[in-house]
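Just below is one structure, and these are the notes that go with it.
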Amino acid sequence: MSDRIKFFLEESKMPKTWYNIAADLPKPLSPPLHPGTLKPVGPDDLAPLFPMALIGQEVSQDKEIEIPGPVREIYKQWRPSPLYRARKLEKFLDTPAKVYYKYEGVSPTGSHKPNTAVAQAFYNKEEGTKKITTETGAGQWGSSLAFACSIFGIELDVYMVKVSFEQKPYRKLIMQTYGARCVSSPSSETESGKAILAKDPNTTGSLGIAISEAVEMAAKDKNTKYSLGSVLNHVLMHQTIIGNETLLQMEMAGDYPDILVGCTGGGSNFSGLVFPFLGKKFREKINTRVIACEPKSCPSLTKGKYVYDFGDTGRLTPLVKMHTLGSQFIPPATHSGGLRYHGMAPMVSHLKEIGAIEAKAYGQKECFEAGVNFARVEGIVPAPEATHAVKGAIEAALECKKNGKGKTILFNLCGHGHFDMKAYGDYFDNKLEEDKYDEAGINKALEELPKIA
């Protein structure tokens with residue numbers, strides 16, 4: 001038998017709907033609030049930023065949302081993505097556990113992000129949007145939205161967190177190749193950026209700052225909309241194509257996961273894999289353990305407060321209830337740029353609060369060690385963000401070894417690391433700094449949380 005077993009779905013069996021976990025929640029999600037009135041936001045409040053179709057999906061209670069035909073046609077370029085049985089990893093770990101991973105690195109831009117980028121670009125095109133603004137951390141989202149906008153003929157400006165802009169120059173070049181404009185954030189193009197630079201000209205930037213810049217620019221022009229790569233309900237829902245496919249592939253394997261693992265920054269790839277399985281857990285009372293893995297330097301789920309906060313540093317967005325380190329917190333400049341966000345998706349935060357998922361925080365060095373070990377036995381170099389999921393899966397497999405229990409583990413390998421090799425070089429040269437938990441900085445940011453009664 002092959003050391004790595006692939007489970008491919010036939011194209012004709014590819015899921016035709018996204019899954020909306022809101023329909024199966026045992027307790028409803030807290031609504032976003034208008035920052036001025038502190039009342040739940042309505043469609044008119046969001047219309048300057050998003051097309052109405054996406055606003056409808058954001059608040060929908062329907063269990064299944066049909067994937068538009070044009071979106072499915074584009075998905076066919078890389079979907080269905082493969083599910084692998086990692087037998088070589090199992091052998092390396094000497095574990096009785098069975099380890100599977102869904103591999104999203106086969107997309108044109110090398111990550112899971114096009115699953116929602118294509119959908120968002122489609123709905124914007126349908127509504128006549130001429131231009132989109134967005135932010136990006138490590139560059140996976142920016143390059144994916146650039147890819148999608150190139151297909152639909154939409155202009156795109158991407159505000160990329162400064163430290164990643166400098167660490168990952170090839171991500172910027174991918175965006176430019178697809179026709180997008182990539183700007184280091186904070187920039188002097190926006191009032192939000194100017195205010196941050198005035199306070200700290202040497203700031204490394206953050207996703208919260210980049211979001212402020214992108215939102216500000218979109219709000220100024222009626223022909224421009226804003227697009228987000230994680231956090232919001234409709235974004236997480238678009239990613240459930242991952243889990244819907246995996247449910248079918250696990251049936252092909254004649255298996256079902258006891259433990260689900262994913263890395264979490266804003267929550268999109270984690271949600272994409274686990275939400276369909278959590279839906280089955282809620283409906284059928286299946287005892288599945290779900291683990292969200294985050295960086296120690298930006299531990300919103302394990303250290304943050306579950307309160308209403310702004311999604312951006314400039315306080316331009318609605319208030320959402322989430323696990324947060326404070327919108328004014330600037331995370332340390334780790335290589336896992338896609339996980340450097342002060343808050344967690346409200347839906348993921350809600351699931352943590354009701355005990356449906358658990359969270360673990362890992363250091364940068366131990367995650368890269370896990371990524372290197374994985375690459376040497378499975379052949380795929382994970383993105384720095386994805387190494388957190390690899391670490392979580394390995395830890396779960398070693399727990400099975402310790403306890404003598406042969407459980408089934410499934411994780412999402414959300415992207416490849418081909419454009420992140422400087423980070424691996426720093427690891428091999430012992431230049432990779434360990435994650436630092438900035439307790440003082442987080443406490444200061446938490447003191448500045450909005451006062452919501």
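The values are calculated or read from the model by the stated rules, or taken from the named source; none is laboratory data. All values derive from a computational prediction rather than experimental measurement. Neighbour counts are summed over all protein chains in view; Cβ atoms, including those assigned to glycine, are modelled from backbone coordinates with ideal geometry.
A compact table of results
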| item | result |
| --- | --- |
| Top-ranked residue of region 130-157 - restricted to ones that are surrounded by fewer than 24 Cβ atoms within 10 Å (Cβ to Cβ) and touching a residue at least 60 places away in the same chain (Cβ under 8 Å), ranked as farthest from the chain's Cα centre (by Cα) | Lys130 |
| Identity of the residue in region 402-428, surrounded by 15 or more Cβ atoms within 10 Å (Cβ to Cβ) and in a helix (DSSP H, G or I), that ends up modelled with the lowest pLDDT | Ala423 |
| Candidate set from region 162-176 (those that are basic (Lys, Arg) and in a helix (DSSP H, G or I)); member that is farthest from Ala119 (Cα to Cα) | Lys162 |
| Hits in region 276-285 - residues which are out of contact with any Phe, Trp or Tyr (no Cβ under 8 Å at 6 or more places or on another chain), over 15 Å from Tyr101 (Cβ atoms) and assigned to a helix (DSSP H, G or I) | Leu278, Lys280, Lys281, Phe282, Arg283, Glu284 |
| Every residue from region 348-382 that is of a type in the set (A, V, I, L, M), closer than 20 Å to Val320 by Cβ and surrounded by fewer than 20 Cβ atoms within 10 Å (Cβ to Cβ) | Ile354, Ala356 |
| Condition check for Leu38: at negative phi, surrounded by 13 or more Cβ atoms within 10 Å (Cβ to Cβ) and in contact (Cβ under 8 Å) with a residue 12 or more places away in the chain | no |
| Qualifying residue in region 307-318 (condition: outside any loop (DSSP other than H, G, I, E, B) and either surrounded by fewer than 24 Cβ atoms within 10 Å (Cβ to Cβ) or basic (Lys, Arg) (or both)) | yes |
| Condition met for Tyr159 (part of a helix (DSSP H, G or I) and among the aromatic types (Phe, Trp, Tyr)) | no |
| Residues satisfying the stated conditions in region 5-29, i.e. modelled with pLDDT of 95 or more and either hydroxyl-bearing (Ser, Thr, Tyr) or touching a Cys at 6+ places or on another chain (Cβ under 6 Å) (or both) | Thr17, Tyr19 |
| Residue ranges of helices (runs of 4 or more DSSP H) in region 177-244 with at least 3 members closer than 30 Å to Asp62 by Cβ and either hydroxyl-bearing (Ser, Thr, Tyr) or modelled with pLDDT under 95 (or both) | 207-219 |
| Considering residues of region 432-451 that are in a loop (DSSP other than H, G, I, E, B) and out of contact with any helix residue (DSSP H, G or I) (no Cβ under 8 Å at 6 or more places or on another chain) only, the residue surrounded by the fewest Cβ atoms within 10 Å (Cβ to Cβ) | Lys451 |
| The lone exception for Lys365 - which of (1) closer than 22 Å to Thr246 by Cα; (2) modelled with pLDDT under 95 it fails | (1) |
| Qualifying residue in region 210-217 (condition: out of contact with any His (no Cβ under 9 Å at 6 or more places or on another chain), in contact (Cβ under 8 Å) with a residue 24 or more places away in the chain, under 22 Å from Cys263 (Cβ atoms) and among the hydrophobic types (A, V, I, L, M, F, W, C)) | yes |
| Every residue from region 253-275 that is outside any loop (DSSP other than H, G, I, E, B), surrounded by fewer than 24 Cβ atoms within 10 Å (Cβ to Cβ) and touching a helix residue (DSSP H, G or I) at 6+ places or on another chain (Cβ under 9 Å) | Ile259 |
| Within region 73-89, tally of residues that are surrounded by fewer than 17 Cβ atoms within 10 Å (Cβ to Cβ) and part of a helix (DSSP H, G or I) | 1 |
| Any hit, region 108-119, residues being farther than 20 Å from Asn269 by Cα and part of a loop (DSSP other than H, G, I, E, B) | no |
| Top-ranked residue in region 158-185 [being surrounded by fewer than 20 Cβ atoms within 10 Å (Cβ to Cβ) and in contact with a strand residue (DSSP E or B) (Cβ under 7 Å, 6 or more places away or on another chain); ranked as farthest from Ile211 (Cα to Cα)] | Gln176 |
| All positions within region 43-65 that are surrounded by fewer than 16 Cβ atoms within 10 Å (Cβ to Cβ) and assigned to a helix (DSSP H, G or I) | Pro43, Asp44, Met52, Gly56 |
